[in-house]
Amino acid sequence: MIDPSRDLGIRVAPSLLKGDQLQIAAVAFDLDGTLVDSAPDIGQALNSALARAGLCRFDLGAIRAWVGDGPDALIDRALAKQGAVGADGSLHSRIRSDFDAATLAAPIDLGRVYPGIREMLESLHDWVPMAVVTNKPTHLACAVLEAAGLLEFMQTVSGADRPELRKPRPAMLLITGERLGVAPSRLLMVGDGPADIVSAEAAGCPAALVAWGYASAAVPAGASVLRVATPAELLASVRQSARPRLQIPSPRRPTCPPAESPT
């Protein structure tokens with residue numbers, strides 16, 4: 001877990017704040033708590049899997065506080081809360097399998113796309129290539145994005161398909177930069193919590209913190225990130241720091257390959 005009390009020390013490019021230079025060439029978004037309020041669906045999938053294992057369910061408030069580190073960390077926290085860690089070596093695997101199945105069956109039935117997100121993505125599509133960088137495994141992230149109607153705007157999706165890729169490590173941002181052909185210093189990471197900000201710092205990316213997500217309050221007030229209150233404000237900031245694309249590709253469903261280690 002990240003200690004949110006320490007100074008994260010992110011340094012955002014001056015152009016991102018002032019628009020005095022062209023710096024941002026692509027944008028990477030976190031998923032849960034940034035593009036979509038998916039906690040209700042995550043909670044439903046977790047509780048369904050726990051019930052199948054004969055374990056206690058949790059209320060949405062508790063589960064919402066656990067969202068952000070991927071399903072394996074989520075399951076570990078649920079098991080720890082009821083003293084079931086290590087009781088059965090196959091227990092976690094069975095719960096994870098049932099969690100994935102429940103997620104794929106109902107990716108975003110109870111949750112929603114945050115207001116203003118789709119309109120922001122439609123506008124940004126004319127300016128910069130976009131990607132998703134999430135601690136959700138890639139296949140689950142693609143299912144949520146497709147069900148939410150947002151997958152078509154993304155050029156690539158990088159999920160934490162292996163533990164070593166998980167944010168706050170920088171690997172997925174570096175992989176995304178390679179896929180988009182963009183240097184880390186020109187790839188803006190947009191997220192809602194400490195893992196996103198620390199990952200951006202480690203990768204050498206500028207970072208923006210959204211106010212509407214799950215964990216923005218855990219990022220210290222003194223951290224040098226661009227803080228945005230609304231999707232419209234984020235759109236305006238990117239437009240100040242990017243150049244419109246000369247050739248705009250038609251929205252399409254991207255391939256969602258598993259993330260590999262950066263070269």
When only the heavy atoms of the protein chains count and the probe is 1.4 Å, how do His125, His92 rank by accessible area, highest first?
-> His92, His125
Work out the length of the dipole vector of region 58-127 about its Cα centre, built from +1 on the beta-carbon of each Lys and Arg and -1 on the beta-carbon of each Asp and Glu, and round it to the nearest 20 debye.
-> 240 debye
Using a 1.4 Å probe over the heavy atoms of the protein chains, calculate the carbon and sulfur portion of the accessible area of region 174-225 as a whole percent.
-> 55 percent
Distant-in-sequence amide H partners of Ala26 (H built 1.01 Å from N, under 5 Å) = Leu188
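The values are calculated or read from the model by the stated rules, or taken from the named source; none is laboratory data. Fair warning: this is a prediction, and the values are worked out from it, not measured in the lab. Positions of Cβ are generated from backbone atoms using ideal geometry, with glycine treated the same way; all protein chains shown enter the neighbour counts. Each accessible area value is taken on the protein alone, full model and side chains, heavy atoms only, with ligands, DNA and RNA left out. Shrake-Rupley method; radii C 1.70, N 1.55, O 1.52, S 1.80 Å.
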